[in-house]
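Novice: The structure's right below; bear with me while I get my questions together.
The values are calculated or read from the model by the stated rules, or taken from the named source; none is laboratory data. All of these numbers come straight from a predicted model, not from anything done at the bench. Reconstructed Cβ throughout: ideal geometry from the backbone, glycine too, with neighbour counts over all protein chains shown. Each accessible area value is taken on the protein alone, full model and side chains, heavy atoms only, with ligands, DNA and RNA left out. Shrake-Rupley method; radii C 1.70, N 1.55, O 1.52, S 1.80 Å.
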Amino acid sequence: MNELLAFYTGHGCDSAGRTFDQLLRFSDAELERTHDYIQWLFPLSTRSQAVPSSPQLDTPTITMLRDNPQAQERIRLAFARMLQFYGLLLDDDPDDPIVDRGPHWESRHRNWLSKGNHNYHRITRILTSLHVLGRPKYALAFYDCLALINRDHGGKIGDAFAHWRGAVR
């Protein structure tokens, strides 16, 4: 079985031996300080600069992940967990999902909303992966929320915002 499909369907582990469920149970502090999980939760077809040994998507893997209902549900779960990490919340209407600031926005945004923050790379990855893996409405909802955050916080996001725009187009 393909390593990413096995990981996403609960039949495999990431390169550090962690399951999908274990990664989703990471605390916010663990998510912040660990740098080799995001490539598994939100894979891309390009090699990761931060973790070159992480898996890469190819066309057959993209098709398998898009066509597998369990993988699609787990993509949604991974997205919701990362939103929580950022202090955001998913209103999961299948036709029109909305991402908005959640109840922990005030405490969480201070950890990532600053010029040049490494989480901006993670967000670019999440947006791109969601789009590629068949969840473009989630990517657009996240982008729309980020646009409001950028506006409300005086453009702190800076150049990363252009990368985010490109990720959802």
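Novice: Within the stretch 45-64, which residues are among the small types (Gly, Ala, Ser) and open to solvent by less than 70 Å² (accessible area, probe 1.4 Å)? Give the steps one after another, and end with the answer.
Specialist: First pass over the stretch 45-64, keeping only residues among the small types (Gly, Ala, Ser): 45, 48, 50, 53-54.
Answer for the stretch 45-64, where residues must be among the small types (Gly, Ala, Ser) and open to solvent by less than 70 Å² (accessible area, probe 1.4 Å): Ser48, Ser54.
Novice: Considering only the stretch 56-77, I want to know if a residue exists there that is of a type in the set (D, E, K, R), under 28 Å from Leu113 (Cα atoms), part of a loop (DSSP other than H, G, I, E, B) and out of contact with any Cys (no Cβ under 6 Å at 6 or more places or on another chain).
Specialist: There is no residue in the stretch 56-77 that is of a type in the set (D, E, K, R), under 28 Å from Leu113 (Cα atoms), part of a loop (DSSP other than H, G, I, E, B) and out of contact with any Cys (no Cβ under 6 Å at 6 or more places or on another chain).
Rundown of residues vs (1) in contact (Cβ under 8 Å) with a residue 12 or more places away in the chain; (2) open to solvent by 60 Å² or more (accessible area, probe 1.4 Å); (3) more than 19 Å from Phe142 (Cα to Cα); (4) basic (Lys, Arg), yes/no style:
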residue: Arg18; (1), (2), (3), (4): yes, no, yes, yes
residue: Asp21; (1), (2), (3), (4): no, yes, yes, no
residue: Trp40; (1), (2), (3), (4): yes, no, yes, no
residue: Asn68; (1), (2), (3), (4): yes, no, yes, no
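Residue-wise test of (1) part of a helix (DSSP H, G or I); (2) within 21 Å of Gly10 (Cα to Cα).
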site: Glu32; (1), (2): yes, no
site: Ser48; (1), (2): no, no
site: Phe79; (1), (2): yes, yes
site: Leu90; (1), (2): no, no
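Novice: Only one of Ala6, Ala29 is among the small types (Gly, Ala, Ser), under 16 Å from Ile75 (Cβ atoms) and surrounded by fewer than 15 Cβ atoms within 10 Å (Cβ to Cβ); which? Step through it out loud before you land on a result.
Specialist: Working: Ala29 fails: under 16 Å from Ile75 (Cβ atoms).
Just one listed residue meets the conditions, Ala6.
Novice: Would you check which residues across the stretch 92-120 are polar (S, T, N, Q) and more than 30 Å from Gly12 (Cα to Cα) and list them? Show your work before the answer.
Specialist: Taking the stretch 92-120 as the starting set, the residues that turn out to be polar (S, T, N, Q) are 107, 111, 114, 117, 119.
Correct list: Ser107, Asn111, Ser114, Asn117.
Novice: Moving to a separate point now. Can you name the residue in the stretch 77-94 that is more than 16 Å from Leu133 (Cα to Cα) and among the aromatic types (Phe, Trp, Tyr) and is also surrounded by the most Cβ atoms within 10 Å (Cβ to Cβ) among such residues?
Specialist: Tyr86
Novice: Mind listing whichever residues of the stretch 96-106 are touching a residue at least 24 places away in the same chain (Cβ under 8 Å), more than 18 Å from Thr128 (Cβ to Cβ) and outside any strand (DSSP E or B)? Explain how you work it out, then say what you get.
Specialist: The first filter runs over the stretch 96-106 and keeps only residues touching a residue at least 24 places away in the same chain (Cβ under 8 Å), leaving 96-101.
Now restrict to residues that are more than 18 Å from Thr128 (Cβ to Cβ): 96, 98, 100-101.
Within the stretch 96-106, just Asp96 meets the criteria.
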